[in-house]
Structure formats: structure tokens, C-alpha cells
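The values are calculated or read from the model by the stated rules, or taken from the named source; none is laboratory data. The model shown is predicted, which means the values in this text are computed figures rather than measured ones. A quick note on method: Cβ atoms are made from the backbone with ideal geometry, for glycine too, and the neighbour counts reach across all protein chains shown.
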């Protein structure tokens, strides 16, 4: 039988995976192994490599791996009572597992969550913390993803109807904070604390640590975190541990950090498990132990930590301490990406782009690149710009490509500086501007980017955007040639009359 922490983490995982579907219709797309053929169409109506068929097969494969992994963690007594659900003649594969897990979710709900004194409200649906939080009654949102325009009135109404319910004051605070109304959020969190809602300690500590609506004050932040930690709030224990680890606002102590991370993990905090993994991997306060680190990363991922999910995915992708498994890497990247982790969104986009762990799906790759790009991830901006340049997975639009290249270039991303210069030099997606192209080529070339060095040599040789200079052209061709750029070697041969390459 799984312990209470394991059941709580499992409940949170199921809540996230199975959210938004009626229990009788969980994962309807996976009702049978032949679903894709039955719905997309059998040949010759649809070929097996058509975009629609590839997308369906990818979803089926990933869902099966994910649900099988979750089902393996279900306590044996619950497996026994739920195994019969889904075992029909027409439903196998991921569809069967989905129905098993829908039953599991119902069976463990009473064990994993305290009594609420009332039904799930619109406020819960719009402003719950969700994730691995066992006190959340709905899948929930990160702070950045809360629709505060809807959540604020919903939570104000819920609090007015049940003014002694601390969770509504807490969720109203989250909604107000998401809207940038920090002082109102602070007052709502204070009210939540007065009503016994211990999760609000974490948010109060965050406001003072980050200086949102108040002057940054680590001493006050530490005080709030300590109160929450003493009350058993795992997020406060985790954050206070981080302060001890860094020596911020408290005297540095690896021992205190380790003890607090362990307490937080005992309360089911996935981020604490992730941080424990980091301590064991780096040997901070404990003897370095890679196997123990990976075990904590697994626990973090299972408990809903996006960072833990990303780390586990990265290890599966590279075979780092675990057996290499590209499909499992995609499953865990997907979980982390859905929680808004930009690095996971980037890697998931790349998997769909290059067909790593699943079949290539350009439109899906573009979607995940776009989400990471929206968060300022420069490699995603660059790759998405390539898609718009080529019309891959998105309509061809050189102007959008230039805009994306410019965002990444201005943020210091060298490949985008080079590609922006190429677009400006050719007048593709933007008016031709050789002077600005020269600026970007030079900026990238000075950071040892060989393509930019070669193009800068061309500009100096031909006098484009600047005065022609054979000396400068040779200098930049030489730098690019030293990095193996073949066209630069030929140009250097031509201008110097010397052979820089060996004959075959």
C-alpha cells in the first residue's frame, strides 16, 4: 500500500492528467488501438505518413507510455478494484489505462484530500494552485496563467458567500497578484492567514522577497517563511531551505537547508525533492551520490515538479544515469512543458521538429517553439523564425521571421544576429539595409561566429554598407577559414593567391 505522501502525489498527478474530461469519457481519442485508422481513415483514404495520421499515432504512443507509467504507481488494492474498468472488446491500449485511472482517481480522492465543507466552486476552477498541492480541489494554474479578469469576481463571490473559508481568501489573493494588484493581494493573504489558510504564508514571503507591492525585505520574507514552515507548509520549508543554502537573509547552513528540504518532501513537495536531488548531485551538505540524486529527481517528477520532470526528461534523452529512452524523454518534457517551463517547451518543440522519440510533426513543433518564444527563450525564437522563413508548420511569413530574429538578436543570441543580418542584406521580410546588416554581421563575427565572419568579409570585399577594404576582407575570411568555413577558404585563396586547403 502506498503511503499518504505517495497517494497525495498520485492524486495530484491524476488530477492534472485526467482534468477536464467526464470520467466515462477519459481520453476518448484512445478508445482502441485502431482508433487512428478508424477515424483518420484507412489507406488509400489517408496514408500512414499523412500529418493527421502521424499526429494521432504520436498522441496514442505518448499517452500509452504516460498512463502505463502512472498505473504502475497505483497501490495494489486500488489496482485490483479498478482493473476491470476499460477491459472491453473494443477498448485497449491507452484508452483502457485511462479508464483504469479515472476509477483510481475516484477511489483515492477521499484519502488524498481533506474534507472541504462544500463543492468545488468556480473560484477553485479558476485560481487553484493545483499541481502537486493536495489542498487544491481543481487542477489549477501557475500564477502567470490565471485568468484574473474571471478569477477575481469568482473568488470575491465565493468569499462573500463563505467568509470563514480561508481558501477563498487565499485564491482571491492569487488572482489579485496575477493582476499585479499586489497590495490588495497582500491584504487578502493576511486575511487567509487569519482564517487558518497556511498556504498564504508562502505568498506573503514571496511578496517581500521579490519586492512586489512592498520594499524588498528578506528579513520579513524569512519571518513569513518560518511561520509557514513551522505550520507545516511545504512551500515555505522549501523556500527557507533555499535561503539557508545560499546564505540569503540567514546564516548559510547546508545542514539546515537539507533538513528543511527533507521536511518539505515529507509533505509531498516536488520542488523540495528536486532540490534534494541537486544537493546529492553536487555534494552540498551530503556526500555526492548520483544514484540518490536521480532517485530524488524521479520523485520530484512524479510529485509534479516541472523542474524535476525536465531533469528526468533530459537524462532519458541523453542516457545520463538512466537507460536512454527518447519516448520517455518526450513524455516528461511534455509534462514540464504543459506547466509552462520554457526550457521543456523548447526541447519538446525540437523533438517534434526533428522526430526524436516520435514522428516529426512540424505544426506541433511550431506550437511549442512559440510558447517558449513568448517567454523569451531565444533558441525557440530562432527556430520559430526558421519555420516562418521556410513555411514549415506555419504559413510562410518572412516579416514574422525578421521580427523573431530581431528579438533574439537584440537579446544577444548570436545565430539570430547572423540570420537577421542575412535577411536585411537580401531585403527579405524587411527593407534592404546593408548598413544595419553590416552591424549585425560584425557583432556576431566578433563573437567568433564563422558564417558571420565570412559574410563580413564579403561586405568588406564588395564595399557593401561600408567602404571596400581588401585588408579587412582578408582578415575576416582568415578568421572564418580557421574555423573550417569552406567558402571563406576559397575567398582567401582568391584574394591572397595562396592555397589554404590541401589537395585530395
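Being in the same structural domain as residue 267 (by TED's automatic domain parsing), surrounded by fewer than 16 Cβ atoms within 10 Å (Cβ to Cβ), at pLDDT 95 or above and under 25 Å from the mean Cα position of the chain (by Cα) is the requirement here; does residue 149 meet it? Spelling it out, residue 149 is indeed in the same structural domain as residue 267 (by TED's automatic domain parsing), surrounded by fewer than 16 Cβ atoms within 10 Å (Cβ to Cβ), at pLDDT 95 or above and under 25 Å from the mean Cα position of the chain (by Cα).
Filtering segment 135-146 down to residues that are farther than 13 Å from residue 197 by Cβ and not in a helix (DSSP H, G or I), which residue is nearest to the chain's Cα centre (by Cα)?
To start, the set of residues in segment 135-146 that are farther than 13 Å from residue 197 by Cβ comprises 137-146.
Narrowing further to those that are not in a helix (DSSP H, G or I): 137-142, 146.
Working: 137: 23, 138: 20, 139: 17, 140: 16, 141: 13, 142: 12, 146: 16 Å.
Per the stated criteria, the residue is 142.
Just one of the listed residues (365, 385) is buried (at least 24 other Cβ atoms within 10 Å of the Cβ), over 18 Å from the mean Cα position of the chain (by Cα) and in contact (Cβ under 8 Å) with a residue 12 or more places away in the chain, and it is 385. Whether any residue in segment 262-284 is over 20 Å from residue 174 (Cα atoms), over 27 Å from the mean Cα position of the chain (by Cα), surrounded by 15 or more Cβ atoms within 10 Å (Cβ to Cβ) and assigned by TED's automatic domain parsing to the domain that holds residue 165 is what I want to check. Among the residues of segment 262-284, not one is over 20 Å from residue 174 (Cα atoms), over 27 Å from the mean Cα position of the chain (by Cα), surrounded by 15 or more Cβ atoms within 10 Å (Cβ to Cβ) and assigned by TED's automatic domain parsing to the domain that holds residue 165, which makes the answer no.
Given the criteria out of contact with any strand residue (DSSP E or B) (no Cβ under 9 Å at 6 or more places or on another chain), more than 18 Å from residue 334 (Cβ to Cβ) and buried (at least 24 other Cβ atoms within 10 Å of the Cβ), does residue 291 qualify? Working first, answer last.
Numbers: out of contact with any strand residue (DSSP E or B) (no Cβ under 9 Å at 6 or more places or on another chain): yes; more than 18 Å from residue 334 (Cβ to Cβ): yes; buried (at least 24 other Cβ atoms within 10 Å of the Cβ): no.
No; evaluated as a whole, the condition is false for this residue.
Can we say residue 293 is outside any helix (DSSP H, G or I) and modelled with pLDDT of 90 or more? Here the answer is no, as residue 293 does not meet what is asked.
Selection of segment 418-437 for residues being surrounded by fewer than 21 Cβ atoms within 10 Å (Cβ to Cβ) and on the phi < 0 side of the Ramachandran plot yields 422, 426, 428, 430, 431, 432, 433, 434, 435, 436.
Can you give me the ranges of the helices (runs of 4 or more DSSP H) entirely in segment 324-431 with at least 2 residues that are within 30 Å of residue 128 (Cα to Cα)?
Details: elements: 326-338, 342-354, 362-374, 378-390, 398-410, 414-426.
Those helices (runs of 4 or more DSSP H) span 326-338, 342-354, 362-374.
Among the residues of segment 488-502, how many are in contact with a helix residue (DSSP H, G or I) (Cβ under 7 Å, 6 or more places away or on another chain) and at pLDDT below 85? Matching residues across segment 488-502 total 3.
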